[in-house]
Amino acid sequence: MKKVMLAGLIALTALPALAAPGGAERQQSFKKLLRSFEPMGLMVREREPYKKDEFIKHADALKKMAAEPFTLFAPNSIDAKSRSKPEIWTQPAKFAAEKDKFLKAVDELDATAKTGDLAQIKKSFGGVAQTCKSCHDAFRGPER
Ligand code: HEC
């Protein structure tokens, strides 16, 4: 009997860790992308001097993190904080296509960064920014 109660207690305390991620977790994860995306943006807009090695470091970091937010879209996980539109789950193929376009653009930017060709880098960066916008336009609702 004691053993059963103990097992029940352990199961209960483990519950919060198992709760599906919601809007707050997703937003936090997307915000992590900004830590590399924004410094690259400053360089391509020539608000900061372009430094090849630093740019490569940010492009690599973006590539490493790019898929993470998309592991956090559990079904029925729209909560009070979430800006996710229900279409993410009712049009999964379209959402997946937006995600794939984004990941491909991030790969391309990572490859272009290594050439040090700033004109090409600007194009590739613009390509990534376009995929962020395209998905937000279709699948992100207003701020709450
Ligand atoms: C395939 C779709 C998709 C792509 C690509 C995408 N996002 Fe998002 N993003 C979302 C959705 C959906 C949310 C809202 C998540 C929520 O609140 O549930 C979001 C949220 C965010 C947030 C959190 C802040 C807020 O209040 O919404 C930031 C920051 C963000 N995205 C930046 C970016 C940047 C920068 C890129 C490109 C480098 C990008 N996103 C690419 C779909 C996308």
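Taken together, the values in this text are just the output of simple stated rules run on the coordinates, not laboratory data. None of the values given here were measured: they were computed from a predicted structure. We place every Cβ from the backbone using ideal geometry, glycine too, and count neighbours over all the protein chains shown.
Take Lys133 and decide whether it is among the charged types (D, E, K, R) and near the ligand (Cβ under 10 Å from one of its atoms).
So Lys133 passes the test.
Could you tell me which residue of region 99-144 is surrounded by the fewest Cβ atoms within 10 Å (Cβ to Cβ), considering only residues that are among the basic types (Lys, Arg) and in a helix (DSSP H, G or I)?
Out of the qualifying residues, it is Lys133.
What number of residues within region 59-82 satisfy the criterion of being under 14 Å from the mean Cα position of the chain (by Cα) and within 9 Å of the ligand (Cβ to nearest atom)?
Residues flagged as under 14 Å from the mean Cα position of the chain (by Cα) and within 9 Å of the ligand (Cβ to nearest atom) within region 59-82 amount to 6.
Checking Ala80 against (1) in a loop (DSSP other than H, G, I, E, B); (2) in contact with a Lys or Arg (Cβ under 8 Å, 6 or more places away or on another chain); (3) surrounded by 16 or more Cβ atoms within 10 Å (Cβ to Cβ), which test does it fail?
(3)
I'm trying to understand the selection: among the residues of region 112-125, which are touching a residue at least 12 places away in the same chain (Cβ under 8 Å) and either more than 10 Å from the ligand (Cβ to nearest atom) or not hydrophobic (A, V, I, L, M, F, W, C) (or both)?
Listed by number, the residues that qualify are Thr112, Ala113, Lys114, Gly116, Leu118, Ile121, Lys122, Ser124.
For a quick check of your reading of the model, give me the residue pairs whose first member lies in region 49-77 and is assigned to a loop (DSSP other than H, G, I, E, B), whose second is more than 16 Å from the ligand (Cβ to nearest atom) and not polar (S, T, N, Q), with beta-carbon atoms closer than 6 Å and at least 6 apart or on different chains.
Matching pairs, first to second residue: Tyr50/Leu118.
Exactly one of these conditions fails for Trp89: (1) without any contact (Cβ under 8 Å) to a residue 40 or more places away in the chain; (2) within 16 Å of the chain's Cα centre (by Cα). Give me its number.
Condition not satisfied by Trp89: (2).
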